[in-house]
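Worksheet: the structure to be examined is printed underneath.
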Amino acid sequence: MEWNDAVVYVVDDDPQMCDSLVLALRSAGLDVQAYSCVERFLAEFECRLKPACLLVDIRLPGCSGITLYRRLKAQGYELPVIFITGFPETETAVEAMREGAVDLLVKPFTTHKLLERIDEALGRAQAWAERIRMKGFFQEVIRGLNLREKQVLREVLAGKEAKRIAAQLGITAKSVLRYRAQLLEKFQVSNVVRLVQMAHQAGWNDVLEMLHWDDQAFPKNSAR
């Protein structure tokens, strides 16, 4: 797959290895940013809403690749990582995979294998970036909804039909259909199926969290 807008971050304290990785990746048309130490990477790294991944030596002076990855995750960055090592150890491999690594590449490895793993990592990154974009879109739309619209949206996403929603909220089925049509327009979709798909893309639990309301503040039989 072509990744014209993607970036690969390389962190390796071995100058020759770093140059070799950069050459292989750039020859494949990838944008590469290389760092010789963790401190410099952390100082310059910024999260972008485009596919990106991290290629890092598992053994670095002062901070292991796994520790770096944990720090990024603790800060909320879901950056797919590929660890590289010249010292294959079962315990290290298990730890790396438990952290969610795409792979642990043992030197020497082929350019073909490297690019395969990079492609997989960027695929994961693209899915994450899309989720962030979709989550932001849901937050923006939901902020503009009134309480009744939030109630109807929650029930629509739960797969309930208009009559059942009407009975549950104490309003007419006609009102539910009107609210549903308004919601589809605001979310810029033509049907409920697509709306549900988008909610899953944004993160189902995150969307439900956005839809909390105070039932006492909005009686069921009001605003029919």
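Some notes on this structure:
- Proxy reagent accessibility, fewest Cβ within 10 Å first, across Phe109, Phe41, Phe187: Phe109, Phe187, Phe41
- Between Glu78 and Phe109, full extension at 0.36 nm per residue minus the direct alpha carbon distance yields a gain of 8.6 nm.
- Pairwise centroid distance, computed over Cα atoms, of region 43-88 with region 159-177, Å: 49 Å
- Between amide H atoms placed 1.01 Å from N, distances below 5 Å from Asp103 occur with Phe83, all of them 5 or more places distant or on a separate chain.
- Extended-chain gain in nm, criterion 0.36 nm per residue less alpha-carbon gap, Glu209 and Cys47: 55.9 nm
- 15 Å beta-carbon shell around Pro88, net charge (K/R +1, D/E -1): -2
- Net +/- balance of residues flanking Glu78 in space, Cβ distance below 15 Å, scoring K and R +1, D and E -1: +4
- Taking Lys and Arg as +1 and Asp and Glu as -1, the other residues whose beta-carbon sits under 11 Å from that of Ile66 total +2.
- Cut-off under 5 Å, modelled amide H: who pairs with Leu60 long-range: Gly65
- Interchain or long-range residues, amide H under 5 Å from Ala6's placed H: Asp31
We did not get these values from a lab; they are worked out from the coordinates using the rules stated. Not measured: the values here are computed from a predicted model. Reconstructed Cβ throughout: ideal geometry from the backbone, glycine too, with neighbour counts over all protein chains shown.
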